[in-house]
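A.B. asks: Provided herewith is a single structure, encoded as structure tokens, for subsequent inquiry.
Just so it is clear, none of the values below were taken in a lab; they were calculated from the coordinates. Quick caveat: nothing in here was measured; it's all calculated off a predicted structure. Cβ atoms come from the backbone with ideal geometry, glycine included; neighbour counts cover every protein chain shown.
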Amino acid sequence: MKVAESSARQVPESGVDADRVLDAAASLFRDRGVAGASLRAIASKAGLQLGSLTYRYATKDSLVLALMRRSVAGVSADVTLAIADCSDPAERLRLALRAHISAVVSDDAIHVLLFEWRRLPHETQRSLARELGSYESMWDGLILAASAAGQIVPSLDMRLVRRFVFGAANSVAFWYPTGEARSPVELADAFSAFIGLGTVADEHRPDKPLTAYARLSATTQPPRRGRSGP
């Protein structure tokens, strides 16, 4: 199905409660997958008639798009708030990671985004690209600020650093809370320590860490090539 901006129609303030609909959709999408959750089931869970739901969201794709946009906007706001009163670049990264992992754990829509992304229609993926790109750019800015302050090893590929951090943080959605006693904040702080301090014992660290990093050519900024993907 093609997604058009006009698909998510606006209704008067006295009409459908958008958050109630999106919360119901997120819950069912997580339980059943996007393909397995019908608009009728979403309307029922939200306490609405199907016609009231489709008046605002004419297609399931438009509902998915609205849900994902709300989620990305929400985690962006959470990160912004978390770092607002902090000026130290490395500490800002730690606080941002706390906000991100907390959202991954608590927001059904982020869980759906991580698990269902490849199954979403290409039009929906493209429509979300701007919001996701903006969020990733926020993180790139935080990482670059820490690098500029001398808090990150020079010459590293910062885009690769961000992907590494996101990979670790987003993986929490696949196993939390199964057998895990730590809170999302405690997990974020543990990940920050792993990423920032490493796991190698002091007596086994290289005598010249910058030289050791430099030998790992894959960690440095690669030469520019033709664009092959996002």
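A.B. asks: State the Cα centre-to-centre distance between the stretch 30-82 and the stretch 130-159 in whole Å.
C.D. replies: 31
A.B. asks: Where the eigenvalues come from the Cα gyration tensor of the stretch 88-166, what are the semi-axes √(5λ) of the equivalent ellipsoid, largest first, in whole Å?
C.D. replies: 27, 15, 10
A.B. asks: Which number do you get for Rg(Cα) / (2.2 N^0.38 Å) in the stretch 60-219?
C.D. replies: Normalised Rg, Cα atoms only: 1.13.
A.B. asks: Give, in nm to one decimal, the length gained when the segment between residue 129 and residue 115 is fully stretched (0.36 nm per residue of separation minus the Cα-Cα distance). Let's see the in-between values first.
C.D. replies: Values: separation 14, 0.36 × 14 = 5.04 nm, distance 1.64 nm.
Roughly 3.4 nm would be gained on extension.
A.B. asks: Please state the charge dipole magnitude for the stretch 60-219, taken about the Cα centre, from unit charges on C-beta atoms (+1 on K and R, -1 on D and E), reported in debye and rounded to the nearest 20.
C.D. replies: Once rounded to the nearest 20, the dipole reads 480 debye.
A.B. asks: Shifting gears a bit: Tell me the label-point distance for the pair residue 91, residue 190, using the 7 Å Cα-to-Cβ offset, in nm and rounded to one decimal.
C.D. replies: 2.5
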